[in-house]
1. Starting from residues that are more than 15 Å from L29 (Cα to Cα) and modelled with pLDDT under 95, keep the ones in region 109-134 and report whichever is surrounded by the fewest Cβ atoms within 10 Å (Cβ to Cβ).
2. Pick out the one residue from E75, E86 that is without any contact (Cβ under 8 Å) to a residue 12 or more places away in the chain, outside any helix (DSSP H, G or I) and within 19 Å of M141 (Cα to Cα).
3. Mind listing whichever residues of region 114-161 are in contact with a Lys or Arg (Cβ under 7 Å, 6 or more places away or on another chain) and hydroxyl-bearing (S, T, Y)?
4. Give region 64-83 a look and list any residue that's crowded, with 21+ Cβ neighbours inside 10 Å and either modelled with pLDDT under 90 or within 12 Å of the chain's Cα centre (by Cα) (or both), or say none.
5. What is the residue count in region 98-117 for residues that are over 20 Å from R34 (Cα atoms) and among the basic types (K, R)?
Amino acid sequence: MAVTIPHKPTSMKTPKIGSSRRHARQLALQQLFRWEFDQSQNHESEVIRAGRSTSPEIREFANQIVQGVLSHHGELDQLINQFAVEWTVDRMPVVDRNILRWAIFELLWIPGIPARVTLNEAMELAKRFADDEARRFINGMLDHLLRKEPRLELKRSELTS
């Protein structure tokens, strides 16, 4: 006798926090990509417009990333230039440098997110929007930054515990 286990239809499932945040990161990456070509836009309203069908929490997290990257843009690019071997931020593809910007912003300025989560999410978005070479570059760059940047000592220690 076969037993059927009832389940919720896929459309009724509540998204997990991780997948919601991944969606927010993707929205943020899309807005940062647009910003590269039109720096005069109001990006907070763009995040809201782009994420109309998403929850307020997703839009809020996406906006936190976009606003954080834009407000720390100079410092983020300086760190990328410092840790990228034989590359400058200007020579990098737009998607690659914006994945690096938000990941570094998240590592440095959002303390509640473990480094492992940020690195995994950066790789997931790189898988979706970049090629194999870019994924290896982004992974190596973030690993190098995580090992060497003094402000990331706490997040570094979380990885080894």
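1. Of everything passing the filter in region 109-134, G112 is surrounded by the fewest Cβ atoms within 10 Å (Cβ to Cβ).
2. Only one candidate qualifies: E86.
3. Answer for region 114-161, where residues must be in contact with a Lys or Arg (Cβ under 7 Å, 6 or more places away or on another chain) and hydroxyl-bearing (S, T, Y): there is none.
4. I65, V66, V69
5. Count: 1.
The values are calculated or read from the model by the stated rules, or taken from the named source; none is laboratory data. Computed from a prediction, not measured in an experiment: that's the story for all the values here. When we count neighbours, we look across all protein chains shown, and the Cβ atoms used for this are built from the backbone with ideal geometry, even at glycine.
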